[in-house]
Amino acid sequence: MLNLDRQNAYRALYQAAHPGWQTSGQVYESFVRRHVTAGRHPYATLSCRWLDVGCGRGGIVELLGGEVTLCVGADLDLASLREHRSSHTRRVAAPVDALPFADESFDLVTCSWVMEHLADPRRAFAQIARVLVSGGHWVFLTPNARNPLTFANRMMRGPLQARLVRRLYARAEADTFPVRYRANTPAHIEQLAREVGLRPFQIQLVGDPTYLAFSDTLFALSSLLERITPQNLRVHIVGDYTK
């Protein structure tokens with residue numbers, strides 16, 4: 001079993017052996033920080049209003065929600081909203097494709113591990129564009145559908161996927177949601193985003209050899225495979241789009 005503590009230990013080993021490498025979560029955090037830490041970064045907004053879509057129980061808003069004028073979390077999972085850990089975040093039960101906010105309500109919209117679940121990504125992207133002010137930013141983190149591991153995950157949908165996630169990664173089935181991967185390549189994301197008035201500001205594909213590191217041997221093999229994986233096939237996409 002590869003629980004999060006063990007996976008993070010392998011990530012620390014990989015990071016020590018590859019100076020400069022960051023996990024996708026670290027890259028995502030750095031992208032968000034430049035828009036919320038007012039006065040500390042040239043891109044930051046002094047009175048940032050921030051919407052975190054698919055906020056779950058916390059995540060990035062736990063770290064940075066106190067830095068902004070307004071922080072709102074939206075999610076359809078009521079249990080997650082009830083257990084939300086950020087005292088800075090106002091919570092709303094709402095889907096990304098029907099956001100209950102006025103046009104141009106937010107300077108920043110974020111979402112991590114959301115886009116792979118979207119049934120109608122163009123509609124969701126249009127909603128994000130609608131609630132963003134002109135010059136606002138949308139920052140996201142999602143799997144790359146072209147990565148072999150992601151492709152395998154696509155083949156194991158439904159109850160089988162949930163059982164495997166529980167057994168292999170010690171994650172509760174309640175936290176495993178259906179995946180669709182309808183907007184999960186850089187090219188498709190850019191196409192849909194441009195259709196709704198969003199343009200790319202920065203895109204980074206991030207590799208991570210730890211998802212199959214169930215032993216030291218498999219970690220070494222995964223690290224070797226990571227060296228030969230083309231840039232466009234790396235497992236995660238971290239993006240920053242602007243309106």
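Quick note: the coordinates plus some simple rules give every number you see, no bench work behind them. The structure presented is a predicted model; accordingly, all values stated were derived computationally and were not measured. With ideal geometry, Cβ positions are generated from the backbone for all residues, glycine too; neighbour counts draw on all protein chains shown.
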13 Å beta-carbon shell around A119, net charge (K/R +1, D/E -1): +1
Loop-located GluC sites (Glu not before Pro) in the range 71-136, at most 16 other Cβ atoms within 10 Å (DSSP): E83, E104
Amide N proximity, the range 190-211 versus L149 label position 7 Å along Cα-to-Cβ, cut-off under 19 Å: 204-211
For L13, net neighbour charge (Lys/Arg +1, Asp/Glu -1) across residues whose Cβ lies under 12 Å away: +1
DSSP-defined beta bridges in the chain - what % are antiparallel, rounded to 5: 45
By average C-beta atoms within 10 angstrom, highest first, the peptides 63-75, 181-193, 227-239: 63-75, 181-193, 227-239
Under-5 Å amide H pairs with R180, H placed in peptide plane, nonlocal only: H117, L118
Extension gain, Q15 back to E83 (0.36 nm per residue minus Cα-Cα distance, nm): 21.3 nm
Nitroxide proxy distance, nm - points 7 Å out along Cα→Cβ at L63 and T229: 2.0
Student exercise, the chain dipole from Lys, Arg, Asp, Glu Cβ charges, in Debye to nearest 20: 320
J(HN,Hα) series, the range 135-151, from Karplus relation 6.51 cos²θ - 1.76 cosθ + 1.60, nearest Hz, glycine and proline x: x, x, 10, 10, 10, 9, 9, 7, x, 8, 5, 8, 6, x, 5, 5, 4
Extension gain (nm, one decimal) between A187 and F201, 0.36 nm per residue minus Cα-Cα: 3.6 nm
